[in-house]
1. Please work out if residue 284 is crowded, with 16+ Cβ neighbours inside 10 Å, farther than 29 Å from residue 209 by Cβ and more than 28 Å from the chain's Cα centre (by Cα).
2. Quick check on this structure: which one of 336, 282 is touching a residue at least 40 places away in the same chain (Cβ under 8 Å), assigned to a helix (DSSP H, G or I), out of contact with any strand residue (DSSP E or B) (no Cβ under 7 Å at 6 or more places or on another chain) and within 29 Å of residue 144 (Cβ to Cβ)?
3. Does residue 147 count as part of a helix (DSSP H, G or I) and under 24 Å from residue 339 (Cα atoms)?
4. Within the range 174-194, is there a residue that is in contact with a helix residue (DSSP H, G or I) (Cβ under 8 Å, 6 or more places away or on another chain), within 26 Å of residue 336 (Cα to Cα) and surrounded by 14 or more Cβ atoms within 10 Å (Cβ to Cβ)?
5. Restrict the check to the range 259-270 and report whether at least one residue is on the phi < 0 side of the Ramachandran plot, part of a helix (DSSP H, G or I) and more than 41 Å from the chain's Cα centre (by Cα).
6. Right, residue 329: part of a helix (DSSP H, G or I), within 21 Å of residue 150 (Cα to Cα), at pLDDT 95 or above and under 46 Å from the mean Cα position of the chain (by Cα) or not?
7. Which count do you get for residues in the range 292-320 that are surrounded by fewer than 18 Cβ atoms within 10 Å (Cβ to Cβ) and in a helix (DSSP H, G or I)?
8. Would you point out which residue out of 230, 256 is free of Cβ contacts under 8 Å to residues at least 60 places away in the same chain and surrounded by 19 or more Cβ atoms within 10 Å (Cβ to Cβ)?
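The values are calculated or read from the model by the stated rules, or taken from the named source; none is laboratory data. The shown structure was predicted, so the numbers you read here are calculated from the model rather than taken from an experiment. Cβ placement follows ideal geometry from the backbone for every residue including glycine, while neighbour counts extend to all protein chains displayed.
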């Protein structure tokens with residue numbers, strides 16, 4: 001819009017021909033001789049009543065008082081723009097009182113907890129960083145507990161076999177049968193008894209066997225006792241198989257998650273096995289008959305495992321056979337445990353440490369470097385150049 005463009009007509013606007021007169025009363029410069037009380041009267045004479053009232057209200061609200069901040073420096077001088085007038089009014093009103101002051105979002109971070117709380121948190125953080133996972137420890141304990149049981153079950157299975165029976169019957173010094181069985185008869189009938197302990201056949205497997213005379217080979221009491229022995233043996237074999245499966249799972253887990261975990265578990269298990277075999281061997285050596293009786297009392301009822309000398313079980317498996325079986329089981333378990341103990345012994349190399357000579361050389365090198373650094377610091381403090389000697 002330019003100065004020559006036509007101005008739209010406003011029905012409320014003043015239609016006087018005076019083009020130099022300002023549009024609003026407050027835009028007129030106040031004369032020096034006119035007091036402030038006379039200004040409303042002059043504005044009322046120059047304008048209609050309604051326009052004068054509006055101009056009076058706006059001039060009353062917008063004119064800053066003399067002597068206040070933001071007022072004109074000279075009488076009659078008005079603020080240059082609407083923003084200046086607003087700034088002057090805000091300066092006259094003063095700062096508004098803050099009814100509610102919201103705390104800063106980070107004000108809680110500036111509050112330091114007590115020193116004891118800081119030390120406790122640091123201690124817990126160090127414990128959490130140094131603590132080892134629980135699962136590897138559990139699997140190591142399982143290996144240590146299962147290892148002697150598995151070795152014992154495997155040794156019993158090796159002894160309760162036709163091979164060991166053949167070695168016993170044909171070795172020199174083994175007592176013969178005084179009721180007519182030769183070595184071949186013993187081997188045949190004894191193999192049936194041992195096979196029954198490891199198969200899933202019922203008592204008829206032994207109950208229907210007959211000798212050369214057509215008589216039953218085993219009596220009912222003998223068949224009943226062999227059924228009890230079979231229950232104990234199959235339970236032991238089942239528990240051993242379950243422990244082997246769990247042990248394999250534990251070793252696979254430790255191989256991935258814990259370096260040296262398998263070695264530590266087997267090492268602890270071998271120690272437990274050696275201690276167990278030494279204890280049982282000592283009890284058996286002090287009194288074999290008492291040891292044999294107490295062993296049967298644990299697994300069988302009284303009166304179900306005692307037989308006459310002419311019964312088939314006693315003729316096939318005399319007392320010497322059970323003593324040799326105990327020695328063979330103890331020897332197999334002890335040899336395996338000792339070999340495991342040797343191969344899992346925690347040497348420096350297996351623990352991931354350097355040998356003693358290398359460790360000593362490394363310690364000496366570190367000590368020499370420390371002495372050199374100390375000497376350099378001392379020379380620097382004394383002002384002596386490095387590489388020279390004091391005379």
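1. So residue 284 fits the description; yes.
2. 336
3. yes
4. Within the range 174-194, one or more residues are in contact with a helix residue (DSSP H, G or I) (Cβ under 8 Å, 6 or more places away or on another chain), within 26 Å of residue 336 (Cα to Cα) and surrounded by 14 or more Cβ atoms within 10 Å (Cβ to Cβ).
5. no
6. So residue 329 fits the description; yes.
7. Selection size over the range 292-320: 11.
8. Of the residues listed, the single one that is free of Cβ contacts under 8 Å to residues at least 60 places away in the same chain and surrounded by 19 or more Cβ atoms within 10 Å (Cβ to Cβ) is 230.
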